[in-house]
Amino acid sequence: MKLKSLLTSAACALFFHGLLGIENENASLRGSFSYARLAFVEKKMAKVAFMGGSITEMNGYRPMIAEWLEGQFPETKFEFINAGISSTCSTTGAFRLRKDVLDHGPIDLFFIEFAVNDDQDAGHSKEACIRGMEGIIRQMRMKSPKTDLVVTYFVNQGMLKQLQEGKDPLPMAAHEQVLEKYGVSRVHLARELAHQIKKGSFSWQKFGGTHPKEPGNRLCADMHIEMLKKAWSGKFKEATEKKTLPPEPMDPNSYFKGRFLSPEKVSLTDGWKFSEPNWKSLPGGKRGRYLGRPLLHCESPENPIRIKFEGQAIGAFVSAGPDAGILQFTIDGKRKGSIDLHHRYSKGLHYPRTVMFAHDLPSGPHEIELSIKSGKRTAVRILEFCIN
């Protein structure tokens, strides 16, 4: 089978720019998706991964695209990897990429979305958006250079308002710089929605909000499907596309060497435990994925702990509940600071978030000392340390 079920090039162009009315610049095809096509058509074995926040984790655009791929390639055995985790941003994504995606083996097609979470959850600066997204893209290109990538910009109401005013929301503008540098395809769902609202063919209510309902997810899935149809509309050829890395990263401190370091390896001091907290005794909602597992925790100011690591960045992926405290740190006995683990969403939820203690250390061995500041909120619960 040589993609008989796909539209011809002319028909695809008509559909892509006509029936859906999708604006040309809102679905930027960069490259050919030739390696994914090879896996689907010739190898008939394929791994497709989706990474993002709750928009990816939920049953939205992800299963729609998976269903379409299975329908188009009925002889192919697919493994679909849902690496969406609610509330997580591109920073967390760069550190968990190895565990949640790369450890599954070679990935043929990889979908990524973090624009909304970098905005409303993390409140990232432009620099932080670049460090996270470049960390994901460059790391994937280093570890799995044949993987075909596409990044999608979902949208919240505030970002939609900016687009309607002719402004470019900060996370989208930052991510776009990374994608252009690395030649990564992009679906600008957010701008397409703004375009269709202006035309009167869609509304925010119909779209379904930040977590889209069926019509919004269908619009998103259709944009991806038509992009893929366009990429695969020509005669099938052996995949020969070379995906070379730019000689230098946009930011030398981007998290493209990101990885988790288990807190199980930390030498404990009085007050610190590596075990499962007594969640039932703690106020605030809990998410099931973080229950039933040990983590590093301390509920009151006690002795500091020290962690040795090698790299140029260190942070922590934490569960920050209503009692989340302020974590004080000293790196190599010189650099000092503190981070309030409490988030605006922590009031009623043990909220997962990544905090960075330092991102620009000299490469090499380091030691960080962590202690808890006295006060009304003093709990620290660390799921993983983040090392780059």
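Tabulated results
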quantity	calculated
Flag for Pro249 being exposed (fewer than 15 other Cβ atoms within 10 Å of the Cβ) and outside any helix (DSSP H, G or I)	no
The range 175-192, residues that are among the charged types (D, E, K, R), closer than 20 Å to Glu226 by Cα and surrounded by fewer than 23 Cβ atoms within 10 Å (Cβ to Cβ)	Arg191
Test: Ala239 is of a type in the set (A, V, I, L, M), at pLDDT below 95 and either in a strand (DSSP E or B) or touching a Ser or Thr at 6+ places or on another chain (Cβ under 6 Å) (or both)	yes
Test: Glu226 is over 30 Å from Tyr255 (Cα atoms), in the same structural domain as Thr91 (by TED's automatic domain parsing) and in contact with a strand residue (DSSP E or B) (Cβ under 8 Å, 6 or more places away or on another chain)	yes
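The values are calculated or read from the model by the stated rules, or taken from the named source; none is laboratory data. This is a predicted model, so every value here is computed, not measured. Glycine gets a Cβ as well: all are built from the backbone with ideal geometry, and neighbour counts include every protein chain shown.
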